[in-house]
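Below: one structure, written as structure tokens.
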Amino acid sequence: MRFAKLYDALIYDPKLHPERTHATLERFEEVLGIVLGGAAGSHIEKLRETMQGIAPRALLKPTHAEQILAYVDEAGIPTDQVDAMVTHLMYSEISTAEAIEMHEKYKIPVSRLEKDIVPVRGEGCWIMDTRGHWFLDMDSNYSATNLGMANAEIGRGLYNQAETLISMKEDRVQIARTRFLKEIDEMMPQGLDRFYWQNSGGEAVDKAIKLAKVHTQSRDVIAFKQGFHGRTHGAVSVTWNEKYRKPFGLHDEDWVHFAEFNDLDSVAQLMKETDAKIVILEVVQGEEAGNRPADPDFIKGLWETVHQNGGVIIDDEVQAGFGRTARKKGDWFACDAYGAVPDLMVIGKSFGGGYPVTAVVTTDAVSQSAEPGYDGSTFGGNPMAMTAALIAARQMRRLDVTGNVVTRAEQLRAGLNTLAQKYPFMEDVRGLGLMLAFSLGSADRVAQTQDLLREHGVKSSLSTGPYLRILPPTVLSKGEAAQFLTRLEAALDALT
Ligand SMILES: Cc1ncc(COP(=O)(O)O)c(C=O)c1O
């Protein structure tokens, strides 16, 4: 059959691509537009005449696909353009408009639906959307895809694992996890070698708090203003911003006390006034503070104060961990960059190279306080998650992620500081490693800049007030960092 590949892109093969569905006419027309540009209009008109009676969003049938193939043949569309159509259809057989509308219709709006970019493909630090536009990724899906938005090696491992053993509960011995444990130990801060696996950052924060409560035999927790720890009941209770807690009546929890970040007196005062023996923090405050690192003296004093009082420290490294905040080669966690080891550490996001897997990691001493029956998880540390984590950890070391972060951070900081000299409204370039931010003076200006960045092919990270945050993949290259700076300058030029 001529154009057999186009047929396969329109009518899915359940053996080869069980993840797909049949294409719609609406998507085929969209793809015609992507590949043929202005010339697509007349084809779409003629095609509609040929295919009368077919609803634009109905799944095509084999006879419809044959009609399309015949049309493409008769219209004399060149083979290279047909190949390009196949490529775009394989990324999505559903139109952008339908994907957006289905999300608008079915999503519970607990968060704002982002529909400016509908991603279909990743390649290193680049993302392509349904319309065939490429964007330099300066967000890494909130720091979850630090190794890039697609990962063939993890894909191969997950395929092999899914074919042999797809799931197993947390409390049963399994081989995929054993493989992981044989390789991960040296990445963890000294003494943190007990793991409790979970599926999301918030869930792991909850479990860290539970373990800390059991260990200290106290229920009060000190968290920090501008801190962020996730959205589960426990994690959101220790998250500062009231708008995340109030709708659920969690703004008045008597076991949670908020201290000023980088202010030791404020912590000491709360430890005196309350029974709190548990302190939870992000060493670099991300979402709510706009990538604000702790002062080294604060960390040193905090560790001393909490431990002198018989307390424990939970370091939430969900966003900062796995090399993002490296000050020097080998700093896999933000606490490494400060030379401090917490009692409990929460890891997630890029732990599985983009595949969901999180954990509480702690000391033998804390771990001994737990007893069978205290907790449990069906999916925590399942074989797929452990396979992804194993491959991601190997890749991070092989690609020298921490070394790369150190040099790219220097390059970006220097470039951002130069831009700050050119634009008077730009200031306070800050952060640690590739967890960076800068102020543009107002939230409005940040929003405008993000729109302009998108026009210049850059997907920026979310903002925090006047701060624009950047969290590129930790494998960002020198050329890509330079391109970001050039594109940012063009955006800032357009703004002024
Ligand atoms: C520091 C920190 N902790 C916890 C979480 C929650 O992680 P998740 O969204 O996987 O539940 C986040 C998410 O952004 C985070 O940044």
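The values are calculated or read from the model by the stated rules, or taken from the named source; none is laboratory data. As the structure is a prediction and not an experimental result, all values here were calculated from the model. Here the Cβ positions follow ideal geometry from the backbone for every residue, glycine too, while neighbour counts run over all protein chains shown. Ligands, DNA and RNA are stripped out before the accessible areas are found, and what is left, the full protein with its side chains, is counted by its heavy atoms. Shrake-Rupley method; radii C 1.70, N 1.55, O 1.52, S 1.80 Å.
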Whether any residue in the range 463-483 is surrounded by fewer than 21 Cβ atoms within 10 Å (Cβ to Cβ), more than 20 Å from VAL401 (Cα to Cα) and of a type in the set (A, V, I, L, M, F, W, C) is what I want to check. no
All but one of (1) at negative phi; (2) buried (at least 18 other Cβ atoms within 10 Å of the Cβ); (3) under 22 Å from the mean Cα position of the chain (by Cα) hold for GLY415; state the number of the condition that does not hold. (3)
Out of ALA385, ALA420, I need the residue that is open to solvent by less than 40 Å² (accessible area, probe 1.4 Å) and within 30 Å of ILE166 (Cα to Cα). Which one? ALA385
Give the residue that is nearest to HIS215 (Cα to Cα), with candidates limited to residues of the range 300-333 that are among the β-branched types (Val, Ile, Thr) and more than 16 Å from the ligand (Cβ to nearest atom). VAL312
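Answer yes or no as to whether GLU304 is open to solvent by 70 Å² or more (accessible area, probe 1.4 Å) and either in a loop (DSSP other than H, G, I, E, B) or free of Cβ contacts under 8 Å to residues at least 24 places away in the same chain (or both).
yes
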All positions within the range 32-57 that are open to solvent by 40 Å² or more (accessible area, probe 1.4 Å), within 22 Å of THR21 (Cβ to Cβ) and among the aliphatic types (A, V, I, L, M): ILE34, ALA55
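State all residues of the range 276-300 that are under 16 Å from ALA223 (Cα atoms) and not in a strand (DSSP E or B); if no residue qualifies, say none.
The answer is ALA276, LYS277, GLU282, VAL283, GLY286, GLU287, GLU288, ALA289, ALA294, PHE298, ILE299.
From the list ALA437, ALA491, pick out the single residue that is touching a strand residue (DSSP E or B) at 6+ places or on another chain (Cβ under 6 Å) and open to solvent by less than 30 Å² (accessible area, probe 1.4 Å).
Details: ALA491 fails: touching a strand residue (DSSP E or B) at 6+ places or on another chain (Cβ under 6 Å).
None of the others qualify; the one that does is ALA437.
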Filtered residue count, the range 253-264, keeping only those that are part of a helix (DSSP H, G or I) and either of a type in the set (Lys, Arg) or surrounded by fewer than 18 Cβ atoms within 10 Å (Cβ to Cβ) (or both): 0
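Take ASP336 and tell me if it is in a helix (DSSP H, G or I), under 21 Å from GLY403 (Cα atoms), more than 16 Å from the ligand (Cβ to nearest atom) and modelled with pLDDT of 95 or more.
Numbers: in a helix (DSSP H, G or I): yes; under 21 Å from GLY403 (Cα atoms): yes; more than 16 Å from the ligand (Cβ to nearest atom): yes; modelled with pLDDT of 95 or more: yes.
Yes, satisfied.
Could you check the range 102-175 for strands (runs of 3 or more DSSP E) lying wholly inside it with 2 or more residues that are closer than 30 Å to THR378 by Cβ and out of contact with any Leu (no Cβ under 9 Å at 6 or more places or on another chain)? Lay out the reasoning, then the answer.
Values: elements: 119-123, 126-129, 134-137.
Strands (runs of 3 or more DSSP E) meeting the threshold: 119-123.
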Working only within the range 183-233, note down all residues that are open to solvent by 50 Å² or more (accessible area, probe 1.4 Å), away from the ligand (no atom under 14 Å from the Cβ) and closer than 17 Å to GLU282 by Cβ. LYS225
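Could you please give the count of residues in the range 67-113 that are of a type in the set (Gly, Ala, Ser) and open to solvent by 30 Å² or more (accessible area, probe 1.4 Å)? Break it down into steps so the answer makes sense when it comes.
Taking the range 67-113 as the starting set, the residues that turn out to be of a type in the set (Gly, Ala, Ser) are 70, 75-76, 84, 92, 95, 97, 99, 111.
The next check asks that each one be open to solvent by 30 Å² or more (accessible area, probe 1.4 Å); those that pass are 70, 75-76, 84, 97, 111.
Residues meeting the conditions: 6.
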Specify the residue that is farthest from the ligand (Cβ to nearest atom); the eligible residues are those in the range 114-154 that are open to solvent by 50 Å² or more (accessible area, probe 1.4 Å) and touching a helix residue (DSSP H, G or I) at 6+ places or on another chain (Cβ under 7 Å). ARG131
Members of the range 285-301 that are open to solvent by less than 30 Å² (accessible area, probe 1.4 Å) and over 25 Å from ASP139 (Cα atoms): PHE298, ILE299, GLY301
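Please determine, by comparing only the residues of the range 234-252 that are at negative phi and surrounded by fewer than 16 Cβ atoms within 10 Å (Cβ to Cβ), which one is nearest to the ligand (Cβ to nearest atom). I'd like the intermediate steps shown before the answer.
Quick first cut of the range 234-252, residues at negative phi only: 234-248, 250-252.
When the remaining residues are screened for being surrounded by fewer than 16 Cβ atoms within 10 Å (Cβ to Cβ), the result is 241-243, 246-248, 251-252.
Working: ASN241: 12, GLU242: 18, LYS243: 15, LYS246: 19, PRO247: 18, PHE248: 16, HIS251: 19, ASP252: 22 Å.
Checked the range 234-252; the qualifying residue nearest to the ligand (Cβ to nearest atom) is ASN241.
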